[in-house]
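Only one structure is covered here, and it is reproduced in the block below.
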Amino acid sequence: MASNRNAGKRVIKRPAVRQGSAARSSANDDEISRERINALFVDIERLTNDSANAALETSPELDASPTHLLDLEAQALDGKETASPPLLDTQASTANMKMPIKSPILYEREQIGFVYSENKLQQIGDTSLPSDLPPAVTAPLTTGGQPIGKVQLASPAERTWTSEELGIVNAVAQQASLQIESLRLLAETERARAEAEAATRRFMHEGWASYLDAINQNERIGYAYDQASVAPFVEKVEPGAGFQESVSVMEEQVGALYLTPDPGRPLTDGDRQMIAAIADQIAQQVENIRLLADASRARAEADAIIRRVTRESWESFTAQKDEGSLSFVYDANRVAPFRDPLPNDVALALPLQVRGETIGQLAVTGPEHISPEAAELAAAIAAQTSTHLETLRLNEELQKRAAELLELDRLKSGFLANMSHELRTPLNSILGFSDVILEGLDGPLTPNMGADLRLIQKNGQHLLHLINDVLDMAKIEAGRMNLNPEKLRVYDVLDEVTSITSTLASEKNLALFIEADSDQIVEIVADHTRLRQVMINLVNNAIKFTEKGHIALCVARKDDGDILITVKDTGIGIPPEKLEVIFQEFTQVDTSSTRKVGGTGLGLPISRQLVAMHGGLMWAESTGVSGEGSTFFVKLPIVARITDVIEKKER
């Protein structure tokens with residue numbers, strides 16, 4: 001830094017901090033911002049003042065700078081060792097100084113600047129520098145990687161800046177950037193606090209208005225204390241009468257404390273302080289009373305709603321019952337329905353109450369005198385009876401709702417079954433006629449026509465498969481799925497499945513095979529069509545979720561007499577926490593909108609249900625690691641226990 005710095009100029013520019021639109025700015029806010037900005041650059045003024053009398057032209061004045069500036073110099077030297085790219089341009093002219101802006105600026109386009117020259121700091125409205133200034137040193141002001149301004153130091157042309165001085169200028173610019181960002185955050189915090197305080201005062205005002213309206217139709221209420229008693233005070237207080245102290249809650253005035261002083265003893269400062277303290281205590285007490293009243297009113301409203309719901313529920317319950325089924329008599333031997341009018345010799349009558357609502361009566365007849373112990377026992381019996389009656393009513397309501405849900409489920413299953421049947425009939429016609437046309441029975445086809453028909457046939461087959469899944473699930477839920485067990489060889493079923501699905505595997509260059517160590521002679525009694533359907537679902541799923549590798553099928557006899565069929569792939573795998581979720585209806589592992597494979601999510605649930613109807617089990621194992629794949633297991637008895645499952649459904 002030159003010794004004749006007073007002859008040069010230092011220009012510090014930064015955009016105005018966002019404070020909302022210009023229409024909301026006020027002169028007071030501008031004055032506050034100006035004071036903060038002036039305070040921001042006090043350190044820079046102190047640096048120049050300390051070095052004003054230096055006689056050297058280079059860096060000796062740094063020895064007289066503040067201690068924290070030496071710390072900044074150390075930071076700059078450290079930054080130099082890291083070989084960071086230079087942030088300063090010592091040769092750029094003021095006319096061509098432009099900062100690259102690569103990201104949106106969070107500040108208003110309106111800018112403000114400050115000029116420090118000749119030991120004076122002043123704000124300038126126009127941030128553009130005069131064209132006759134000598135070349136200047138420029139340091140950017142950045143916040144969060146975004147440029148918000150710059151610092152320019154103008155000096156004589158013969159002035160030479162050392163690398164240490166440039167590092168100090170850069171460090172000062174960084175500190176100034178932090179201070180500017182802190183001021184912006186402080187302004188936002190103060191604005192948010194002001195909004196919160198305004199909302200609190202508004203809430204307090206509305207709360208007190210509601211409270212006074214509920215008490216006395218929004219009329220002013222007051223009390224007078226004459227050192228002997230407290231009495232309501234309804235008279236109007238004349239302005240200027242006596243001494244007045246406001247009663248405020250969170251800076252919101254809710255009342256006033258009036259004091260008629262003794263003419264012979266004027267109030268002292270101590271008296272005034274004591275009155276102010278009493279007003280604060282009164283404010284806290286009346287606010288507590290208001291909050292307690294609000295809570296009590298809310299609780300009363302909730303209790304009224306609960307009682308109304310209870311009353312309506314019991315009225316609906318009793319309306320559905322016979323009059324004779326609502327009264328019972330106990331004669332020390334048995335409990336029997338009571339249909340006669342209540343006798344006149346009732347010695348004790350206690351209400352049966354549920355949530356404060358009377359639902360019945362417990363009456364004791366016979367003895368002329370009831371002892372206190374007997375009355376206390378009868379009260380306990382009445383309380384227990386009320387609780388038990390409410391429990392019985394709720395259980396009956398739950399059973400009724402469960403029956404309604406079962407009926408709705410039955411109707412849904414019937415609707416799906418009928419709708420699937422109605423959809424499948426015309427779809428089969430479409431597929432049949434497309435086959436006829438593709439075979440050329442109705443005349444020759446052009447290549448484009450053949451491609452379109454094959455596309456129609458492919459999508460029709462896919463739609464038919466979905467409809468069949470919905471129909472099968474509806475039949476299973478309705479208990480109308482019929483199985484036709486027969487003796488079959490499991491290996492032959494697997495061989496048939498691989499033949500059907502080999503085309504899909506070939507399209508993805510996947511190897512599909514039955515493992516060599518599979519049992520080729522084991523036979524079971526099961527439904528051939530449904531077992532083949534289960535295996536086709538498992539193999540198709542494996543093909544869909546495997547991009548490379550193979551799918552292997554295996555069948556083996558277990559020691560317990562059952563057989564175990566496995567389908568293992570090298571696909572993307574299944575997360576361990578979703579190994580059971582995939583067997584739920586309409587559920588898939590990938591439910592995002594970007595999933596690569598389609599389906600209804602019914603294949604695995606239907607397969608598990610079909611296996612269970614044979615008396616078997618079905619589950620999956622996977623680590624969830626892509627490439628390790630998944631393994632599905634189907635465990636079946638040698639002879640399907642179909643009868644047991646049907647009987648269980650009938651029960």
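The values are calculated or read from the model by the stated rules, or taken from the named source; none is laboratory data. Just so you know, these numbers come straight off a predicted model, no measurement behind them. Note that each Cβ is placed from the backbone with ideal geometry, even for glycine, and that neighbours are counted across all protein chains shown. When the accessible area is computed, the model is the full protein with side chains, heavy atoms only, and any ligands, DNA or RNA have been set aside. Shrake-Rupley method; radii C 1.70, N 1.55, O 1.52, S 1.80 Å.
On full extension, the segment bounded by D495 and Q584 gains 29.2 nm, given 0.36 nm per residue less the C-alpha separation. So, with a 1.4 angstrom probe, what is the percent of accessible area on the stretch 330-469 that is carbon and sulfur? Accessible surface attributable to carbon and sulfur in the stretch 330-469 totals 60 percent. Per residue, the accessible area of the stretch 519-638 comes to 45 Å², computed with a 1.4 Å probe over protein heavy atoms only. Here the stretch 609-639 is scanned for amide nitrogen atoms under 19 Å from the site 7 Å beyond the Cα of A511 along Cα-to-Cβ, giving 627-632.
Solvent exposure of the stretch 225-270, expressed per residue, is 82 Å² of accessible area, with all protein chains present and a 1.4 angstrom probe. The trypsin sites (Lys or Arg not before Pro) found in the stretch 228-300 that occupy coil by DSSP, while having at most 12 further C-beta atoms within 10 Å, are K236.
The GluC sites (Glu not before Pro) of the stretch 299-375 meeting both criteria, a DSSP state outside H, G, I, E and B (loop) and at most 15 other C-beta atoms within 10 angstrom of the site's C-beta, are E368. In loop segments of the stretch 535-593 as defined by DSSP, the GluC sites (Glu not before Pro) with at most 12 further C-beta atoms inside 10 Å of their C-beta are E580. The phi torsions of the stretch 488-495, fed into the Karplus equation with coefficients 6.51, -1.76 and 1.60 and a -60° offset, translate into couplings of 8, 9, 4, 4, 5, 5, 5, 5 Hz, rounded to whole numbers, with Gly and Pro shown as x.
Computed with a 1.4 Å probe over protein heavy atoms only, the accessible surface of the stretch 357-414 comes to 71 Å² per residue.
Amide H contacts of I551: A511, L512, F513, each under 5 Å away and 5 or more positions distant or on a separate chain (H built 1.01 Å from N in the peptide plane; Pro and chain starts excluded). Extension gain, A375 to A347: 0.36 nm times the residue separation minus the Cα-Cα distance gives 9.1 nm. On the basis of the beta-carbon distance and an R0 of 56 Å, N428 and K321 show a calculated FRET efficiency of 0.55. For the stretch 184-322, give the percent of accessible area contributed by carbon and sulfur heavy atoms, probe 1.4 Å, rounded to a whole number. Taking all protein chains in place, the stretch 184-322 shows 53 percent carbon and sulfur surface. Here the dipole of the stretch 385-494 is about 160 debye; that uses its Cα centre as origin and unit charges on the Cβ of Lys and Arg (positive) and Asp and Glu (negative).
By the Cα gyration tensor, the stretch 441-540 has an equivalent ellipsoid whose semi-axes, rounded to whole angstrom, run 31, 22, 12 from largest to smallest.
The stretch 453-476 and the stretch 296-343 have their alpha-carbon centroids 55 Å apart.
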